[in-house]
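The values are calculated or read from the model by the stated rules, or taken from the named source; none is laboratory data. For clarity, every value in this text was computed on a predicted model and none was experimentally measured. Using ideal geometry, Cβ is built from the backbone for each residue, glycine included, and neighbour counts are taken over all protein chains shown.
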């Protein structure tokens, strides 16, 4: 049974979502302030954290920023509806996905399950890979079993979602992958209208990996088509 941390200062909403998630088979812990959310998330006792942006003490961005210093626990951000900047900032800080509030509990469950399903699939794949498969291209090396990334021999820290996006692009290096396909294979869900998740994860990957050694763009955007890892 997966354990979910639900962090939101709206006590009534938290209680309602907790009941819904428990009916769906999750164990749920709650936090109503940023400091409490950060402390609970750092215990390692949760499989995923749902963080509201607007919380007292520390807001959701602050919690995520601090959490990413020593934890890669999957995080789904709850942002104000229509505030695209909130979702962009959350993804830039290392969130795995986001949902605007007020959110439909069914959609929340679907997003949570998509993230957990992807992680479970990757873990099972890693356990079956002995020795782990190595994807190596130019200065980049990815070990799929341990889900580690090295650039010029130096480790690169990535969130689970960033790693998933990178692995899909590497496996299709030299070929264009559509945004819709990348969403399905890397995020485990269909692409929705106005969804910026893939764009922001790619932006983060570009910052972490930089250009190729010859100065050429590592991950290209093919306008109106998709994305391509340069071979």
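A few remarks follow.
- Per-region count, the stretch 1-41, residues surrounded by fewer than 16 Cβ atoms within 10 Å (Cβ to Cβ), within 22 Å of the chain's Cα centre (by Cα) and part of a helix (DSSP H, G or I): 2
- Qualifying position, being modelled with pLDDT under 90, under 20 Å from the mean Cα position of the chain (by Cα) and closer than 24 Å to residue 196 by Cβ, among 82, 90, 60, 44: 90
- Residue in the stretch 171-178 that is surrounded by fewer than 13 Cβ atoms within 10 Å (Cβ to Cβ) and in a loop (DSSP other than H, G, I, E, B) present: yes
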